[in-house]
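Undergrad: Questions regarding the structure given below will be posed in turn.
The values are calculated or read from the model by the stated rules, or taken from the named source; none is laboratory data. In this text the structure is predicted, and so the values were computed from the model without any measurement. Cβ coordinates were reconstructed from backbone atoms using ideal geometry, including for glycine residues, and neighbour counts include every protein chain displayed.
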Amino acid sequence: MNLLSNQEEYLKVTTYLGLKNTQNQYGWNISKMKPMPSDLYINKQIGTSGNINLLDGESNNVKGVTNFDKNTLNEGRVFVINGVSFAFGYEADKTNVATVNYGIANLPSELRFATLLVKQNNEVLLKLPINSIINSYENGRKYKDLGAFALLLPQHAIEVDIEYPSGTSLKTPVDKELFVSVFFKGFETYKKR
């Protein structure tokens, strides 16, 4: 077992945060920041056409719903995204989003060709067809590796949208509504002791 390989991603993230801090003069005390493997997630009942905002600014770090702080991250909470996951499910209207059986089997074309978009400060951080995300799942992997980092800053509004193909409307089963689950894999900073 190579101990260094287990820490390689941590070292990359630490270096990346240091470079971003220097380039953009964020004023972070890097020696006090401890990046730890983490996930950000959103589970939500959504519409079936148009552009859907997944972070409405109302759900504030509610277990099973989202661990975003409304549509932002609180002070000191920096997140470096290196992977993304998507799943969906159908349940009755107003079902608790934490109890939905999410998956990717039989993904409708309207969702398959929809785009997942993440923006902050008018900068596109991530823009991928959902098809690209789910097609990367293999050998038990449930995330698409981005091959690059996307940085979410604290105290700045974050937009996470699903953009359906123009002119389409997904048909749900009778008496069912559409629910989606989006996970961002990466590293979240915590304050060192």
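Undergrad: Please specify each residue of region 153-193 satisfying the condition of being in a loop (DSSP other than H, G, I, E, B), more than 22 Å from Asn21 (Cβ to Cβ) and in contact with a Ser or Thr (Cβ under 8 Å, 6 or more places away or on another chain).
TA: Tyr164, Thr168, Ser169, Leu170, Lys171, Thr172
Undergrad: Okay, moving on. If you check Thr95 against the conditions, is it crowded, with 18+ Cβ neighbours inside 10 Å and either more than 14 Å from the chain's Cα centre (by Cα) or not charged (D, E, K, R) (or both)?
TA: Values: crowded, with 18+ Cβ neighbours inside 10 Å: no; either more than 14 Å from the chain's Cα centre (by Cα) or not charged (D, E, K, R) (or both): yes.
Answer is no for this residue.
Undergrad: Specify which of the listed residues (Asn131, Asn121, Asn101) is closer than 25 Å to Gly18 by Cβ, touching a residue at least 12 places away in the same chain (Cβ under 8 Å) and not charged (D, E, K, R).
TA: Asn121
Undergrad: Does any residue in region 154-174 that is over 21 Å from Gly57 (Cβ atoms) come within less than 9 Å, Cβ to Cβ, of a residue that is assigned to a strand (DSSP E or B) six or more places away or on a different chain, and which pairs are these?
TA: Hits for this filter: Tyr164/Asn51; Tyr164/Ile52; Tyr164/Thr115; Pro165/Thr115; Leu170/Leu178; Thr172/Tyr90; Thr172/Leu178; Pro173/Tyr90.
Undergrad: Another question, if that's okay. Does Asp93 meet the test of being in contact (Cβ under 8 Å) with a residue 60 or more places away in the chain, of a type in the set (Asp, Glu) and closer than 21 Å to Pro37 by Cα?
TA: no
Undergrad: Determine whether Asn101 is in a loop (DSSP other than H, G, I, E, B) and modelled with pLDDT of 95 or more.
TA: So Asn101 passes the test.
Undergrad: With Leu55, Leu107 as the choices, which residue is in a loop (DSSP other than H, G, I, E, B), closer than 28 Å to Tyr137 by Cα and either touching a helix residue (DSSP H, G or I) at 6+ places or on another chain (Cβ under 8 Å) or among the charged types (D, E, K, R) (or both)?
TA: The conditions single out Leu107.
Undergrad: Could you please give the count of residues in region 133-152 that are surrounded by fewer than 18 Cβ atoms within 10 Å (Cβ to Cβ), touching a strand residue (DSSP E or B) at 6+ places or on another chain (Cβ under 7 Å), not in a strand (DSSP E or B) and not hydroxyl-bearing (Ser, Thr, Tyr)?
TA: Final tally of qualifying residues: 1.
Undergrad: Next up: Condition (residue is of a type in the set (S, T, N, Q), outside any strand (DSSP E or B), in contact (Cβ under 8 Å) with a residue 24 or more places away in the chain and under 30 Å from Ser31 (Cα atoms)) applied to region 68-85: is it met by at least one residue?
TA: Yes - at least one qualifying residue is present in region 68-85.
Undergrad: Being out of contact with any Leu (no Cβ under 6 Å at 6 or more places or on another chain), surrounded by 15 or more Cβ atoms within 10 Å (Cβ to Cβ) and within 30 Å of Gly167 (Cα to Cα) is the filter here; which residues of region 27-48 pass it?
TA: Tyr41, Asn43, Gln45
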